[in-house]
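Written out below as structure tokens is the structure these notes cover.
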Amino acid sequence: MGVKPLALVGGTPSETDRYSNWLEGQLAASSPLLVDKDTWSDALMTQVFGHPWISMTYADLALNAQVPVLTNEIKAYLAASVLDDRKADAHWFQRRIPVIKYLGEEGANLLQHFGVACLADIPHPGFGSSNGDGAAKTKCHNDAALGLYAAWYGVRYERRRQSQTRHWIRDGELVASHYRAPEVQLFGDIHRFAIINHAQMRALADRDIILLNDLYSEDDTRFRDRQRQSDRYLNLLCFEPWLRPLVRTFLLDKVAHGELAPGTAVGMLSRLRLFARFLREDGIVDPKQIGELTMERYLAWGNARNTAGKNWYTDIVQLMRAAPVLLLGQWPRIALDMRAARRIRYKQAPDDPRNRLYASREGANRAAPVEAVEAIMARLGELPEPIPAIFMIGITTGARAEDLHALLFDCLQPDRHDGRFKIFTFWQNKVSRWNTKPLLMTDPAHQAMIGLIETQRDHIRQRYGHDTKYLFPVFHGKRESFLGQNWTQQALKKLCLHHRIVDGEGRPFDFSWHPLRHHRGTQMAAEGHDILSIMFELGHASPDMASMYVNKRLELKKNALLRKGGGKFYTIEGKVDEAVGDLLLRKETMMATRVCGGACTLPGQLGEWCEHAHACLTCRFFRADGGDVEHFRCERSKLYVAIEDLEQEAQDYEEKGQVRMADISQKRLQRNKDAVQNTDTIIRSIESQGLYKGSQQRYKHAAAREEALP
């Protein structure tokens, strides 16, 4: 059966010919032999690329598909695969040989069946307007095309499977999904490649499918290694044609200004797809139909669907503000108020009638339940390696899921300055900085973590014969990447389901990695670590962010009262500041944070600099901790020594006639005398039989406080 004339099968002859010529140009850039030869062999591959790629079982492979443009599409697919180090495996090519043979034998009939001129024009569910919740259908293929290939494949390869069942965890339940066999879905692989490759003909500013490789470089750490099996892309074909130019220009502008990382760009695209779905349901087909009321309806639409977070709305506000600037004269300028985001209705727990504001500030607990964590730890031996090691390192460090799975092989090094420690270092991809954690070799938890890392290193050396880049490596072809967190998460979900592990309220525990991070922050707070220590441990940029990872705050406040009693923080004047204990745990204002010997009520300065540095004992913002009286006694003794030295120094300068240096020494001497005076006041206030609370004294002996404990 022959193929229809180009003019009758979709597209125009000039467009199809231009596409075919572009493909030939891409092939000729590697070697003109790839264009001239319709039969590729190991000898040709060795001559062009320097290495063979087909098993000796298939010494020669005919690529002539009777339709020139389809032949060039097949060649482009194979040439790109040869150059991809992830596909440097003869088995990878052997599995695709049936697809190539099918296109060679039945390619013309396939194009005629769909009424198109080339493989890239066959419809694909992943490259059309999204429906449902706006989610991309990246794992779906054209089922009709797969059916045609499966029918041919079943006749030619009778003994091979054509379908399979996969089990996975969703909402705490085991779910079975049925798919066509991977051997059949391989046709979708070349189909998707053809569509993506076809889009690359246009200039970057006009493309409907944009490869992230064209936007980012390896300067974005792990960007290349994260693309384990295929290149990631931004698919704009899921938007209506009238909306597509704005979305494309908006995303490219934010990338050009460094406002979108690779992962963030993909996330923002999904939220823009949600807005596109709303516009379709609202009947909007032109930019001029969008106004202030449109955004009001969108806010109500998203609230009615309990859409998670708030970026689904705030991102669209950014889009609408940028539209008249990026596409001058094409989009209207509308008045938008970011305060409308306050009307976003957050998801609420079904058994909690209170709003999200209360829950997030006081009652929220996103930390993994202690009971569930302990139950998982008791059964880690049932999981395949290296999941137990990853879990235990995550419990100990509180690292983000991707950072935890992407630990480098040399993440643990001896401390050159102190033999009692080892230094654990890992890259934090979200904030683009290194986090360095000292591990004390005599600490049981740190000792266990060191042992896990060293055992994993020995295992890697034994398996691969050399050191790898990552501590938990996986290989696709010749490219090394790191173990995916989804696989380990699914394994832990199945463990929880199998053993019926529940949380503190008896509900089935649906495991995910991020609550372990909250678990670590809450655990450190319960152990008495200050907010700065938690900030450094979790790798946050500010105490404000770190405080969000301290959950169970009501319990922590109760423990603090039972352990220390009321009114434990003192000003340098010896008066008690009762508010500091609460301020240390408040997220919404973050008015205090821990410093040596007490707390500082100016924590914003501690992130970068403080004009009162090394002068806490003379600073009115310092609050002394009543439980650290020994610290202040030690400080007082050191200050006496410093005063004696400064008095002698000032006298020496005066005798030498160095008036300016003598004046500086006198000022330093006076500051130290002030510090001694304030230290004396603090110590007397703690040691006296009363704590200042206004004009009354109410002091509890330490013994009395201990007796009050249950």
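The values are calculated or read from the model by the stated rules, or taken from the named source; none is laboratory data. Computed from a prediction, not measured in an experiment: that's the story for all the values here. When we count neighbours, we look across all protein chains shown, and the Cβ atoms used for this are built from the backbone with ideal geometry, even at glycine. Calculation scope for accessible area: heavy atoms of the full protein, side chains included, ligands and nucleic acids excluded. Shrake-Rupley method; radii C 1.70, N 1.55, O 1.52, S 1.80 Å.
When only the Cβ of Lys, Arg, Asp and Glu is charged (+1, +1, -1, -1), the dipole of the range 212-257 relative to its Cα centre reaches about 160 debye.
If R0 is taken as 41 Å, the Cβ-Cβ distance between R305 and D38 corresponds to a FRET efficiency of 0.15. The candidates D189, D510, arranged from most to least accessible area with a 1.4 Å probe in the full protein assembly, appear as D510, D189. Exceedance of the 28 Å cut-off in Cα-Cα distance is limited, within the set K37/K101; K469/K494; K101/K478; K87/K469, to K469/K494. Note on R18: accessible area approximately 120 square angstrom, rounded to 10, probe 1.4 Å, nucleic acids and ligands left out. Here each label is just a point 7 Å from Cα along the line to Cβ, and for F475 and A62 those points are 3.7 nm apart. Each of Y464, M441, L483 was scored by the projection of its Cα onto the charge dipole of the range 421-493, and the greatest displacement toward the positive side belongs to L483; charges sit on the C-beta of Lys, Arg, Asp and Glu.
The 1.4 Å probe gives accessible areas that order D231, D36, largest first, as D36, D231. Stretching the chain fully between S512 and M661 yields a gain of 47.5 nm (0.36 nm per residue, less the alpha carbon separation).
Cross-linked pairs K288/K430; K288/K310; K254/K430: Cα-Cα separations exceed 29 Å for K288/K430.
Measuring spread by the Cα atoms of the range 224-340 yields a radius of gyration and Dmax of 14.6, 45 Å. In the range 211-260, taking the dipole from charged Cβ atoms about the Cα centre, the farthest positive-side position among L260, T249, N235 is held by N235. Across S481, S637, the residue with the most accessible area heads the list, and the full order at a 1.4 Å probe is S637, S481. When the trypsin sites (Lys or Arg not before Pro) in the range 385-483 are filtered for DSSP coil states and for at most 15 other beta-carbon atoms within 10 Å of their beta-carbon, the remaining sites are R416, R420, K430, K469, K478.
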